[in-house]
Each structure stands twice: as C-alpha cells, then as structure tokens.
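Read through the structure below, which is laid out as structure tokens, and then see the notes.
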Amino acid sequence: MVVTFNVTGGEQGPWAVLQVSGELDLVTSPVLRQRVHDEVAEGRHSLVLDLSEVLFCDSSGVGVLIASRRLIRSCQGRLRLILPAQGAADGSHVNRVLGALGVRRLFDCHPDLDSATGDEPRPLSA
C-alpha cells in the first residue's frame, strides 16, 4: 500500500494552518520542514500543524516538530498542534509517539481546529 504524504495550507483568522497527512518520516519530513520555514519567511508566526491525518511518525518527524517549535519561538510566534486522541485509524500515532518520547509536554496540543485557533489557550492534559 502506497501512502501519499501531503501538506496543504490555509488560514483561519490570524493562524496559518498546515494540514499534514500520510507518513512523516525520513523521506517526507524535509517537505514539512520547508513548508514551516516558508510560512515563517512570509511573516506568519502563528502556526497550527494539523497532524490528525498522520498515520506514522518516526524520529525524523519528531525532529521536524521540535525544530519547528524552536524556529517559531525564536521569532516570538505561536505553534499549536492538532493531535486528537482518536484520529487516523486507531488514534493519533503522533500523539502516542510524542508521549512515549516524553516530549509531548513541549507542545501546545489541541483536539481539533476550533480549539487550536481559538483565543483561549486550552492545552490538553498530558
């Protein structure tokens, strides 16, 4: 089975939203890294990464998320992740990977787009 990787962009109010789908791995993570850099270069420092359709994430994918966080913080921006408890197949793979690595607490995680783009920061409990 071939899983296509895709990153599509949009905006919701002041937030730039990148919807990521497929497998986030060594081959595809540079694509996401470049898209995040492009958004920041264009002056969009409030970014939501919708990872609800990511079926697989390896260490290089996690590395891109951490690098994105560092980049956005360096320009006083905001980064939020959409990581639903239930999502692609049997729950958010990214959610489980970040939790297992102990880095989920580094991110402002939300269950859906409305929550992620809302004004009230409502981080999920770990």
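The values are calculated or read from the model by the stated rules, or taken from the named source; none is laboratory data. This is a predicted model, so every value here is computed, not measured. No Cβ is skipped: glycine too gets one built from the backbone with ideal geometry, and neighbour counts run over all protein chains shown. The protein model used for the area step is the full one, side chains on, heavy atoms only, and it has no ligands, DNA or RNA in it. Shrake-Rupley method; radii C 1.70, N 1.55, O 1.52, S 1.80 Å.
Among DSSP beta bridges whose residues both lie in the stretch 1-72, state the antiparallel percentage, nearest 5.
Taking every DSSP beta bridge with both residues in the stretch 1-72, the antiparallel ones total about 45 percent.
Taking all protein chains together and a probe of 1.4 Å, list ARG78, ARG104, ARG73, ARG44 from the most accessible to the least accessible.
Final ranking, largest accessible area leading: ARG73, ARG78, ARG44, ARG104.
Counting only DSSP beta bridges with both residues in the chain, tell me the antiparallel percent, nearest 5.
Approximately 30 percent, going by the DSSP bridge assignments.
Search the structure for amide H atoms under 5 Å from the amide H of SER46, placed 1.01 Å from N in the peptide plane, and list their residues when 5 or more places away or on another chain.
ALA16, ARG78
Springs between alpha-carbon atoms under 10 Å, Gaussian network over the chain: tell me which of LEU98, LEU83, LEU49 tops the mean-square fluctuations.
LEU98
Can you compute 3J(HN,Hα) from phi for each residue in the stretch 7-22, using the Karplus curve 6.51 cos²θ - 1.76 cosθ + 1.60 with θ = phi - 60°, rounded to whole Hz and x for Gly and Pro?
10, 10, x, x, 9, 9, x, x, 9, 8, 10, 10, 8, 10, 9, x
Send over a whole-number figure in Å² for the accessible area per residue of the chain, probe 1.4 Å.
Normalised by residue count, the accessible surface of the chain is 53 Å².
With all protein chains present, how much of the accessible area of the chain (probe radius 1.4 Å) comes from carbon and sulfur, to the nearest whole percent?
Here carbon and sulfur together make up 52 percent of the probe-accessible area.
Taking the Cα centre as origin and putting +1 on Lys and Arg beta-carbons and -1 on Asp and Glu beta-carbons, what dipole magnitude results for the stretch 2-84, to the nearest 20 debye?
Using only the charged Cβ atoms, the result is roughly 400 debye.
Pick the calculated log10 I(q)/I(0) by the Debye sum over Cα atoms at q = 0.10, 0.15, 0.16 Å⁻¹ for this structure from [x] -0.26, -0.61, -0.70; [y] -0.47, -0.76, -0.81; [z] -0.37, -0.67, -0.74?
Read-out taken from this structure: [x].
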